[in-house]
Each structure stands twice: as C-alpha cells, then as structure tokens.
Amino acid sequence: MQNTWLEPFLEMLGRKRGEQGQPARPYSLPPDGLGDAHASLGFTFLDIANAVQPDGTQPSPQPLLNGPGGPSVVDASVREMVTRHDALHMLLVRMVDHVLVRDLYGEEITVGIETLLVEGLWAAVPGLSGQPASAHHLLPLESGEFLVFWPEPATRPQRLADAAFTMKLKLQHHLKDSVLRWTGREVNIGVGCATYRRRPDGEPRQEFFQAVREARTMARKEMDLSDLRLARDFKAVLQDNAIRTLYQPIVRFPTGRIMAWEALSRGPVDTPFHSPMMLFDIAEELGMLFALERICRERAIACAGTLAPDQKLFLNIHPRTLTDPGFTPGSTLEAVRAMGLAPENIVFEITERHSIRDFGVFYKTLSHYRGQGFKVAIDDAGTGYSGLATIAELKPDFIKIDMSLIRNINRDPVRRALMETLVSFAEKIGSRVIAEGIETREEAATLMAIGAHYGQGYYLGRPDYPKPETHVDIGELRPATQLPSVGGLACSMPVGELAEPAHTVPPTTLAGEVRKLFETSDPLTSIAVVDERSKPLGLIMDYHLNRQLSAQYGVALYFKRPVSAVMDTKPLVVEETTPVEDAARRAMSRSRLQAYDDILVTRGGALTGTVSVQRLLHKLAQVQVELAKGTNPLTGLPGNVALEKELETRLAGGQPFSLLYADLDNFKSYNDTYGFKNGDRIILLLAKVLSWAVQRHGAKGDYVAHIGGDDFVCITSPRHAERVCRAATRCFGRLVRGCYCGDDQVRGWITARGRDGMERRFPFVSVSLAVLDCHERSNLHEIGERAAHVKHLAKAIPGNAYVLECGVCQMRALH
C-alpha cells in the first residue's frame with residue numbers, strides 16, 4: 001500500500017514510482033560521489049539532476065529530476081557557473097545517519113526527510129549568502145548529501161564558516177519536529193564549507209573537485225567552534241548580559257484574568273541571537289546552555305515588575321538544566337524573594353521537545369524543587385519525547401498544548417475531540433491545560449467552549465515589556481458556532497441575564513453595621529464590598545459572617561473592625577457575557593465552604609449585580625430539559641441535535657436540497673447598547689421572520705432550526721431558496737427598525753464600542769444569509785466548511801444580504 005501522505009515529497013523531488021509501487025532511486029553515484037571526466041571542463045555529476053527551486057518550478061536551463069535533457073544539461077550549467085565566475089562559495093550538507101535511517105525506516109521516510117532538507121536549504125541560504133535565490137545552484141551528490149554554491153559576493157553578511165554553522169542549526173530546527181514524529185529520533189546534520197577560486201594557471205576541474213572534497217571532509221567531522229565569530233559574539237552577549245526579556249500573558253478562561261506571564265528571552269536586535277531558536281541552539285552547541293538560562297532567569301525575575309498577588313511567572317528551563325550540578329534553587333529563591341515574590345509565584349516550564357536523559361535523577365530533582373513551593377509546567381505537549389504516560393508520571397501543575405494542535409481547532413472536529421480529552425485527562429491528574437498559539441477569535445472561543453482552563457497567543461496578547469495589567473478583554477468571545485455542533489448539551493445564555501441588583505458597602509464599613517443590614521433587610525443573603533469605582537473587592541455571605549461572629553470572642557474581635565477583615569477577598573467574579581454553564585462550572589469547583597456563595601457579575605470590571613447558585617442551577621435545569629427535547633429554549637425551534645439528525649436523513653435520502661445559514665450583523669453593538677433582553681427580542685424576530693418566509697415561499701416539509709446565539713439554519717428545495725432569502729431579508733429589514741428608540745430610528749445608526757474598544761457608528765442590525773446546494777455526496781463537515789465560507793462573503797456586503805453558492809467556485813450576491 002502506498003503512503004499517500006508522502007506523495008507531495010516524492011513529486012517535489014521528481015521521483016517516479018516503478019510498476020511495482022517501489023520508488024526508483026533518483027540518482028546513482030560512483031564511490032567518491034563525483035564522476036571522472038568528460039571533455040572540456042571535464043567533470044560530470046553522474047545521474048545527478050538539479051534539485052527543485054524554492055517555488056518548485058524548473059529553473060532554466062536545468063531540468064527537473066529525471067526530466068528531459070539529462071545530466072548533460074546540468075553539466076553545462078555547472079561548467080557555465082565555473083567558467084563565468086572567478087570564485088564560488090559552497091556549502092555541503094549531509095544527513096549523518098542517512099544509511100541507518102534508510103535501513104530502519106525505509107525509502108519513503110528517507111525521501112521525506114531529504115525533501116524537508118532541500119526545503120530548509122532553499123529557505124535558509126539566501127539569508128546566509130546575501131544573494132537572491134536565483135543565484136544559487138543546489139545539486140544532490142551522494143545519498144543524503146547536497147551541495148549548494150553561489151558566486152562570491154562583493155560583501156559577505158558573515159564568514160563562510162559561520163554561515164555553515166548557522167545553516168546546521170537552521171536545518172536541524174527545520175527537520176526536528178517532522179523527523180521526531182516519523183522516526184522517534186532527532187536527525188543530525190553535518191555541514192562543511194569551502195571556496196572555489198579559479199587560478200590563471202590552474203585546472204578548473206581539479207580545483208572545483210578539491211573545493212568539494214574540502215567541504216565534504218569538513219561536513220564529516222565535528223565542527224571546530226572555537227574559531228567561529230558567532231561563538232565569540234555569543235560569549236560577548238553573555239558577558240555583557242545583553243539579554244532582553246519580554247512577557248506574554250497567560251489568560252484564564254472565561255474571565256479574561258491574567259493568571260501568569262511567560263518570560264521570553266531575546267538576544268540583541270539586528271544580530272542572529274535575536275531569534276530565540278538561534279540563541280538557545282548556539283548555547284547548547286557551545287555547551288553554555290546553563291550559563292545562558294541562568295542569565296535569562298535572573299533577568300526575567302528582575303524585570304518582571306510587581307506581579308499581582310495571585311499571578312505567576314513562567315520561566316523556560318531545559319530538562320538538562322534541572323540536573324546540572326550548578327543549578328541550585330538557592331540562587332533562584334534569593335532572586336525571587338528580592339523581588340518580593342514567593343516560590344509559589346514561579347513556574348518552571350520544561351519543554352517536551354528535549355529528551356530527559358536520566359529520568360530518575362530528573363524526577364527526584366523536580367520533587368525537591370516542588371517541595372520548596374515552585375510549580376511545574378510541561379511545554380509543547382504532544383510534539384516531543386514525552387507521551388501522556390510521562391506527563392502523568394511528572395504530574396505537572398500545568399500542561400501547555402502546542403500550537404500545532406490549536407491551529408484551526410474551530411474547524412477541525414478531530415482537534416476538538418483531542419483537546420476535550422486532554423482537558424479531561426489534565427483534570428483527572430490535578431493539572432490545568434494552557435492552549436498555546438491562539439491567533440484568532442474563533443480558536444479562542446472554541447477553546448473556551450471546550451473547557452480549556454487557560455489560553456496564550458497573539459490574539460490574547462503579544463510578548464511585550466511588563467505592564468501592570470490584571471485582565472484581558474475577552475468579553476466578545478462566545479462559544480464558537482459550528483454547523484452543526486454536536487457537543488454536549490449547553491446553554492449559551494449570558495449570566496448577566498440572571499443577575500439581580502447587588503447591595504454594596506465600602507471596605508471601611510464596620511462588621512457590626514453589615515450585621516445590622518442583614519438583620520433589617522430581609523431577604524438579603526449577600527453584600528458586595530466595592531471601591532469608589534464599583535470594582536468588587538470582596539463578598540460577605542450572611543452565614544459566613546454569622547459563623548465568624550458566633551465563634552468564641554468573635555464579636556469582640558470583629559464587630560467593630562472594618563468589613564475588609566471578615567470578607568471573602570477572592571469571591572467568584574465573572575463578566576456579564578460569561579455563559580451560564582461556565583459560571584456554574586466554576587462555582588461548583590470552589591471549596592465546599594464557598595460552593596454556594598453568590599457570584600459577582602461585572603461589566604468591564606464594575607459590579608452590576610449578583611447571581612445565587614440556586615438561581616443559576618435552576619436556569620440550567622430548565623435549559624437542559626428544553627435541549628433534551630431537541631429545541632432551543634429561547635425560540636422553541638429545533639436545536640443542534642435535531643438539526644444534525646435532519647441533515648443526515650436528507651443526505652441519506654439522496655434528494656438535493658438547499659441549506660440557508662443565517663447570521664446577524666452588528667448584533668454585539670446592539671446588545672451592548674440596548675441590553676440582553678432587547679437582544680433576545682431581535683433573535684426572536686429573526687426566528688419568526690425565517691419561519692414565516694419558509695412557510696410562505698417554501699414547500700411542505702421545509703425546516704427551520706436555531707443552532708445557538710444569533711445563528712439559524714433553514715432547509716428548503718433549491719428552486720425555493722432564493723425566494724425565501726428575498727422575503728426574509730426584506731421583511732427583517734423593515735421590522736428590525738421597531739427595535740430601536742425614536743432618536744436612533746431617525747439617525748439610522750447607533751454609537752457603541754467596537755471589538756477594539758473604540759467608539760464608532762454602527763448601522764442597524766441586519767441579517768446575512770449563505771445559501772448552499774447539498775446532495776447525497778455531501779457530508780456534515782464539508783457543509784459546515786462551505787457554509788462558513790459563503791457566510792463570510794455575505795457578511796462583507798453592507799445591510800441585509802444573501803449570497804448564493806453556484807457550484808464550488810462561482811458565487812453571486814444579491815440584496
């Protein structure tokens with residue numbers, strides 16, 4: 001059976017399979033890898049064709065592998081290069097364990113690694129040589145060995161030996177993850193360099209061969225790093241402590257509170273060491289990783305500023321550093337305490353991309369540091385050496401999931417299922433999951449809906465200098481809408497709809513006065529303590545205050561003291577947009593004494609009300625009953641589960657149908673201005689308009705479903721779809737104006753804050769409709785992908801609009 005996942009690699013290098021399905025060798029070579037002689041310049045690379053150009057196209061006049069023209073065209077190209085230029089720089093790159101890899105893992109795996117090697121060469125060499133990609137020639141020599149050469153430039157970006165060493169690091173980094181995934185081992189790359197110079201009385205053929213042999217000899221030996229300028233420059237960076245530290249927030253879902261900052265080290269700008277990959281790889285090659293990490297740790301702690309009491313600082317540490325005899329917690333403890341921090345504020349982040357050579361020593365060392373209060377996180381989980389069993393053995397406090405599992409999770413059901421499993425696994429071993437590399441709102445919303453505990457990535461905050469921030473605004477996030485969503489039953493209602501007015505007091509109020517408020521204000525059960533800006537500082541529950549005052553000497557100790565002495569300083573605080581089920585989940589995860597304390601609800605950090613756990617659970621029970629019936633609790637229309645069954649039935653029936661995906665525009669700005677209850681009025685209006693349009697212009701058996709939030713789906717016949725859309729957009733456009741006050745109706749717009757926090761004018765709420773034609777060859781995942789794409793086109797059209805998908809590529813839009 002063919003490994004189809006390697007086909008792109010095979011095609012890229014032009015390897016053609018034989019009739020028996022076995023890959024043909026792209027070239028064969030004499031023992032020294034260089035053929036003896038032909039006329040003229042005199043050398044031929046036997047059976048060598050040039051490798052692909054960076055864009056995969058055929059360079060002129062060189063052919064693709066096994067293409068027409070054969071080696072003679074390549075020979076002519078090489079002769080032309082050698083004849084035209086007085087000097088050529090060359091790098092020779094080789095897979096050190098090529099024969100072993102081929103014998104152990106087979107031809108196709110080997111070909112895949114060679115292809116990645118060629119890709120990495122083309123990506124790296126222009127930056128190292130200072131020449132455009134078109135100026136380079138790349139030739140395969142022996143198996144797993146490639147030669148790249150180019151004309152000597154007038155000025156060189158760096159010495160050739162330094163370029164060779166940099167190429168080695170870049171290629172090993174480029175290959176590492178894929179090779180580790182395919183073979184379970186790292187690949188070792190040898191790189192050599194040489195310069196061919198034409199002498200007036202010399203023999204070009206022999207001189208070129210001699211330069212290639214010099215490069216090969218260097219590639220087959222351990223590189224002498226002592227003479228490298230990079231090594232001297234790196235030591236100067238360490239000596240001058242020229243390390244910058246940036247900090248990236250790690251954000252708690254769904255509150256947006258910054259739980260921690262990860263310290264990220266960078267070398268000086270405009271040097272190779274500005275790249276963290278180069279900085280740490282060079283340190284490891286030079287045997288100076290421990291010294292570099294010590295400086296990075298000290299700088300990270302010293303520059304962190306003042307963390308909030310419950311915030312943590314994540315410090316990246318190589319596994320081998322923990323077992324280094326020079327690494328002792330004493331110096332780290334001293335630096336931590338000098339900044340007014342405690343060990344509990346520090347998390348050692350250990351990457352999974354590096355092997356743990358002596359696991360027994362490592363585990364004992366880790367346990368020792370944990371005993372002093374330090375926390376532990378496993379980084380890049382799912383990409384490196386450690387599997388779930390190793391993670392379970394280490395029992396880290398945090399498991400950081402690599403961005404490769406996070407990318408496009410909102411569109412990939414397999415990634416979603418895997419993430420749900422990892423969250424459940426983490427909770428069972430007492431850990432918490434941090435999703436790394438979040439770059440879009442949809443990814444963040446999906447992770448929040450899945451139940452990921454924390455998030456990190458450019459969407460939530462880029463690495464920057466330390467700031468006195470405690471929250472990231474993620475109020476715009478809501479459970480990502482997929483078509484269809486087949487997850488567990490859930491309620492998308494925001495907790496703000498359940499909030500009741502809160503009784504508040506300032507922190508200077510005496511505990512005795514609060515006791516009187518509870519006695520005289522029946523049925524008051526909780527009082528929030530707030531500052532002058534209405535920011536919640538604490539919570540007092542009636543039964544907790546009674547317990548404290550009824551204790552021996554309780555009245556004497558607390559009755560005339562400020563309420564701040566008896567309040568809960570860490571109550572559960574949620575933004576009003578937090579889904580009800582998320583608030584309930586967090587409430588019930590509190591300690592037994594706090595499990596039924598009221599929840600404080602805020603808007604932009606200011607208190608707006610409280611919600612009792614009883615009210616929260618009662619609403620959830622109502623919603624779950626409705627969802628179990630397959631209907632949406634707000635509109636009464638069929639929900640996700642019923643829609644999925646309906647779609648599967650129609651696809652199995654073989655009759656074509658049209659699917660209409662409806663979504664509201666400018667709905668958030670309306671919700672923020674007019675409130676959730678009026679927002680529900682607009683959702684109900686859209687439900688009634690769609691139901692009317694389908695009933696009036698559709699056919700018997702047509703279907704309307706509410707899949708959550710402001711998203712609806714209609715199913716009708718292809719010949720009725722456009723009439724239903726036209727009727728729905730026109731009717732909704734007329735009726736939605738009645739949901740605005742008189743002044744706004746006259747203006748035709750409202751002023752509200754956008755997702756960027758800036759105030760601007762927003763048009764009235766409108767509806768966008770995406771129309772797909774479906775048939776028996778369609779599937780639910782494909783329909784969801786197409787619907788999201790066409791909906792994006794419809795939402796790009798101002799006002800009430802719909803887009804019809806005609807075939808796969810042709811589309812037209814109509815108002």
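Let's see if you can work this out: charge +1 on each Lys and Arg Cβ, -1 on each Asp and Glu Cβ, no other charges. What is the dipole magnitude of the stretch 212-282 about its Cα centre, in debye to the nearest 20? Present the calculation step by step, with values, prior to reporting the outcome.
Working: 11 positive and 9 negative charges, 41 e Å.
Charge dipole, the stretch 212-282, about its Cα centre: 200 debye, nearest 20.
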**Item:** Rounded percent of accessible protein surface that carbon and sulfur make up, the stretch 671-815, 1.4 Å probe
**Value:** 53
**Message:** If I model a spin label as a point 7 Å beyond the Cα along the Cα-Cβ vector, how far apart are those points for residue 420 and residue 242 in nm?
**Reply:** 5.2
**Request:** State to the nearest 20 debye the size of the charge dipole of the stretch 659-758 about its Cα centre, where the only charges are +1 on K and R beta carbons and -1 on D and E beta carbons.
**Result:** 420
**Asked** Got a number for carbon plus sulfur as a percent of the stretch 510-612's accessible area, 1.4 Å probe?
**Response** 53
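For the stretch 699-815, compute the orientation-averaged projected area of the C-alpha convex hull (one quarter of its surface), in nm².
Working: hull surface 36.1 nm².
Projected over every direction and averaged, the Cα hull of the stretch 699-815 covers 9.0 nm².
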**Prompt:** At q = 0.12, 0.14 Å⁻¹, what base-10 log of I(q)/I(0) does the Debye formula yield for the stretch 74-221 when every alpha carbon is treated as an equal point scatterer in vacuo?
**Reply:** -0.49, -0.66
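Leaving out ligands and nucleic acids, note down the accessible area per residue over the stretch 694-815 with a 1.4 angstrom probe, in whole Å². Intermediate values should be presented prior to the final figure.
Details: 6260 Å² over 122 residues.
Result: 51 Å² per residue.
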**Asked** Which shape class, rounded, prolate or oblate, goes with the stretch 615-685 when its Cα gyration tensor gives a ≥ b ≥ c as root eigenvalues, a/c under 1.5 marks rounded, and past that a/b bigger than b/c marks prolate?
**Response** oblate
**Prompt:** Along the stretch 104-118, what does the Karplus equation 6.51 cos²θ - 1.76 cosθ + 1.60 (θ = phi - 60°) give for ³J(HN,Hα), rounded to whole Hz, x for Gly and Pro?
**Reply:** 7, 10, x, 5, 5, 4, 4, 4, x, 5, 4, 5, 4, 4, 5
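Taking the highest mean first, how do the peptides 164-174, 646-656 order by number of other beta carbon atoms within 10 angstrom per residue?
Working: 164-174: 21.5, 646-656: 13.8.
The most tightly packed comes first, giving 164-174, 646-656.
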**Asked** Cβ under 15 Å from residue 775's Cβ, residue 775 left aside: what net charge do those residues give with Lys, Arg +1 and Asp, Glu -1?
**Response** -1
**Message:** For a Förster distance of 51 Å, can you work out the FRET efficiency between the beta-carbons of residue 588 and residue 207, rounded to the nearest 0.05?
**Reply:** 0.05
**Message:** Placing unit charges on C-beta atoms (Lys and Arg positive, Asp and Glu negative, everything else neutral), compute the dipole magnitude of the stretch 675-815 about its Cα centre in debye, rounded to 20.
**Reply:** 500
**Prompt:** Roughly speaking, what % of Cα-Cα pairs in the stretch 648-696 are separated by over 13 Å, rounded to a whole number?
**Reply:** 68
**Asked** Each label point is 7 Å from the Cα along the Cα-to-Cβ direction; what then is the distance between the points at residue 677 and residue 520, in nm?
**Response** 3.0
**Request:** Could you order 403, 95 so the one with the most accessible surface comes first? Probe is 1.4 Å.
**Result:** 403, 95
**Request:** Report the semi-axes of the equivalent ellipsoid for the stretch 562-681 in whole Å, largest first, where each axis is √(5λ) for an eigenvalue λ of the Cα gyration tensor.
**Result:** 38, 19, 11
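Where does each of 674-682, 752-760 land if you order them by average Cβ count within 10 Å, highest first? Don't jump to the answer; show the numbers that get you there.
Details: 674-682: 16.2, 752-760: 11.0.
Sorting 674-682, 752-760 by mean packing, highest first, produces 674-682, 752-760.
The values are calculated or read from the model by the stated rules, or taken from the named source; none is laboratory data. Since the structure is predicted, the reported quantities are computational estimates derived from the model, not experimental observations. Counting neighbours? That spans all protein chains shown, and the Cβs are built from the backbone with ideal geometry, glycine included. Keep in mind that these areas ignore ligands, DNA and RNA; they rest on the heavy atoms of the full protein, side chains included. Shrake-Rupley method; radii C 1.70, N 1.55, O 1.52, S 1.80 Å.
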